[in-house]
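J.: Supplied in structure tokens, the structure appears directly below.
The values are calculated or read from the model by the stated rules, or taken from the named source; none is laboratory data. Bear in mind the structure is a predicted one, so any value in this text is a computation, not a measurement. In this analysis, Cβ positions are derived from the backbone assuming ideal geometry, glycine residues included, and neighbour counts consider all displayed protein chains.
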Amino acid sequence: MGETFVIVGGDAAGMSAASKAKRESPELDVVVFEKGEWVSYAACGMPYYVKGDVAELDDLVSVTPEEFVQGRDVDLRTRHEVVAVDTDAKTVTVSADDERFEQPYDHLLIATGASAIRPPFDGMDLDGVFTIHDMDEADAIDQFLDRHDPETAAVVGGGYVGVEMAEALSGRGLSVTLFEMLPHVLQPFGSVVGEAVEEHLREQDVDVRLETAVEGFAGSGRIEAVDLDDEGVSADLAIVGVGVEPNAELAADTGIELGPTGAVATDEHGRTTAPDVYAAGDCAEATNVVTGEPDHVPLALTANRSGRAIGQTVAGEPTEVGGTAGTAIVKAFDLGAARTGVLDESAAREAGFDPVSVTITDESRANYYPGSEELTVHLVADRDTGRVLGASVVGREGAKRIDTVATALHAGLTVEDLQNLDLAYAPPFSPVWDPILTAAKVLGGRLDDGK
């Protein structure tokens, strides 16, 4: 009788692990329990479904349950929730409808993801108040828009979700107010990006209110207003996007160690502190490639890559899950904004670095070539070693250039190494000196001058 690989959670990390393990070891019994209905879906595409850029919700599904079962021979069971793990007996307890049963495992992957934070606001249960972190929520928002034809919307939180949903709701014809309690939107991207995005949002008629704390929501059954400390702001719909938290309860209840971020602690192969139990995706920590410390970065590539590596490990070939640089990119109407690495100076100092930075604005293409746009690059390095620590990029064109810096972070390159990279040049694509190279050149001069 072959071994059994049980996976808890049917999205990016879980299904990547299932597919890879089955492909590499066909004799392995792979059983996936997903408590919901949806599997292997693109959560990052949900704002574009709400906006109308994606026609059908099903378009966000990468691989259907039928394809996993029939095409990949994975025993996938939706609407099955794992409610307990016994690491001594090597079993999981599964709840489905009115049934409970025990499933033995030889290897177990906890890939339970994360959940949208629901702050303790008054009125969170009013009709028309939503978070958006799964497909059912995206569908509910779309149906509410169709059914009630709201005119005004409040977006609480200026992170990825908030910025993307501000665009989505504006695209549906609503008047949007975005509330952010911090000094800038997109806080992990730094103030250079935040200020540029705020200005552009206002150009698109989004009412951006910074350093504004929301107290709750008011209405009779359905939302009618957002309550602030000193006023109420009319709203027919509200999206609360104040972050996510790892679904680590199953692991914690099992006695598996959580890390300093509150997510499941793992080693370089995704192993937890329990024998033959792994964790991956938004419920698990990863190692930051700049600081070397545990980090919680709930992003799609990290989940897919770590799940795939664990699947290969379980199939017999130990594979490291890889580190994270926290590389991210977001669309804000006509702007692209991106970041990677360590940008915050206090965080850099806490990690033992002496940060020095520059901000430059350059052309995205040769300045004489049609369509060139300004691109702003903020680059950070360590004064003592010259090592690149992070960067942010914002502009109407070229934000994907952040990948060059992300590669430099994974390779441990210095500013001098970065400025000497042989990057492609042609007038339709870049100036002779790519903006990333220009930023490195300017920062290198500052390091040489000791400034």
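J.: Test R401 against the stated conditions and say whether it is in a helix (DSSP H, G or I) and modelled with pLDDT under 95. Before you say what the answer is, go through the steps one by one.
T.: On the way: in a helix (DSSP H, G or I): yes; modelled with pLDDT under 95: no.
So R401 fails the test.
J.: I would also like to ask the following. Can you work out which of the residues in the range 291-331 that are outside any helix (DSSP H, G or I) and of a type in the set (D, E, K, R) is farthest from V405 (Cα to Cα)?
T.: Among those residues, the one meeting the criterion is E317.
J.: In the range 130-151, which residue that is of a type outside the set (D, E, K, R) and over 22 Å from the mean Cα position of the chain (by Cα) is surrounded by the fewest Cβ atoms within 10 Å (Cβ to Cβ)? Lay out the reasoning, then the answer.
T.: We begin by selecting, within the range 130-151, every residue of a type outside the set (D, E, K, R); these are 130-133, 135, 138, 140-141, 143-145, 148, 150.
Imposing the further condition that a residue be over 22 Å from the mean Cα position of the chain (by Cα) reduces the set to 143-145, 148, 150.
Working: Q143: 10, F144: 19, L145: 21, H148: 13, P150: 20.
Per the stated criteria, the residue is Q143.
J.: When only residues in the range 386-411 that are more than 17 Å from T324 (Cα to Cα) and hydrophobic (A, V, I, L, M, F, W, C) count, which is surrounded by the fewest Cβ atoms within 10 Å (Cβ to Cβ)?
T.: Here the residue is A399.
J.: Checking E268 against (1) farther than 23 Å from A351 by Cα; (2) surrounded by fewer than 23 Cβ atoms within 10 Å (Cβ to Cβ); (3) at pLDDT 95 or above, only one condition comes out false. Which one?
T.: (1)
J.: On to the next question. Have a look at K35, K51, K22 and point out the one that is out of contact with any strand residue (DSSP E or B) (no Cβ under 6 Å at 6 or more places or on another chain) and of a type in the set (K, R). Walk me through it before giving the result.
T.: Details: K35 fails: out of contact with any strand residue (DSSP E or B) (no Cβ under 6 Å at 6 or more places or on another chain); K22 fails: out of contact with any strand residue (DSSP E or B) (no Cβ under 6 Å at 6 or more places or on another chain).
When all the criteria are applied, what remains is K51.
J.: Now, a different point. Could you please tell me which pairs satisfy a Cβ distance under 8 Å, a separation of 6+ or placement on different chains, a first residue in the range 71-96 that is among the acidic types (D, E), and a second residue that is part of a loop (DSSP other than H, G, I, E, B)?
T.: D73/P26; E81/K35
J.: Among the residues of the range 1-32, what is the count of those that are closer than 13 Å to A111 by Cβ and of a type in the set (D, E)?
T.: Number of matching residues: 1.
Residue-wise test of (1) out of contact with any His (no Cβ under 8 Å at 6 or more places or on another chain); (2) outside any strand (DSSP E or B); (3) free of Cβ contacts under 8 Å to residues at least 40 places away in the same chain; (4) closer than 26 Å to V185 by Cβ.
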{"position": "S220", "(1), (2), (3), (4)": "yes, yes, yes, no"}
{"position": "D230", "(1), (2), (3), (4)": "yes, yes, yes, yes"}
{"position": "V233", "(1), (2), (3), (4)": "yes, no, no, yes"}
{"position": "A238", "(1), (2), (3), (4)": "yes, no, no, yes"}
{"position": "A252", "(1), (2), (3), (4)": "yes, yes, yes, no"}
{"position": "P260", "(1), (2), (3), (4)": "yes, yes, yes, no"}
{"position": "T266", "(1), (2), (3), (4)": "yes, yes, no, no"}
{"position": "T273", "(1), (2), (3), (4)": "yes, yes, yes, no"}
{"position": "T287", "(1), (2), (3), (4)": "yes, no, yes, no"}
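J.: Can you pull out every residue in the range 81-118 that is basic (K, R) and surrounded by 15 or more Cβ atoms within 10 Å (Cβ to Cβ)?
T.: K90
A quick yes/no check of all residues on (1) under 22 Å from T302 (Cβ atoms); (2) outside any loop (DSSP other than H, G, I, E, B); (3) in the same structural domain as D276 (by TED's automatic domain parsing):
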{"site": "E27", "(1), (2), (3)": "no, no, yes"}
{"site": "V31", "(1), (2), (3)": "no, yes, yes"}
{"site": "W38", "(1), (2), (3)": "yes, no, yes"}
{"site": "Y49", "(1), (2), (3)": "no, yes, no"}
{"site": "L76", "(1), (2), (3)": "no, yes, yes"}
{"site": "V85", "(1), (2), (3)": "no, yes, yes"}
{"site": "A89", "(1), (2), (3)": "no, no, yes"}
{"site": "V92", "(1), (2), (3)": "no, yes, yes"}
{"site": "I132", "(1), (2), (3)": "yes, no, no"}
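J.: Let me ask something else about it. Check whether at least one residue in the range 310-333 is within 13 Å of E268 (Cα to Cα) and charged (D, E, K, R), and report yes or no.
T.: yes
J.: Now for a separate question. Suppose the filter is outside the structural domain of D122 (by TED's automatic domain parsing), surrounded by fewer than 21 Cβ atoms within 10 Å (Cβ to Cβ) and among the hydrophobic types (A, V, I, L, M, F, W, C); does A325 pass it?
T.: No, not satisfied.
J.: Go through the range 337-357 and give me each residue that's crowded, with 23+ Cβ neighbours inside 10 Å and not in a loop (DSSP other than H, G, I, E, B).
T.: A337, A338, R339, T340, G341, A348, listed by residue number.
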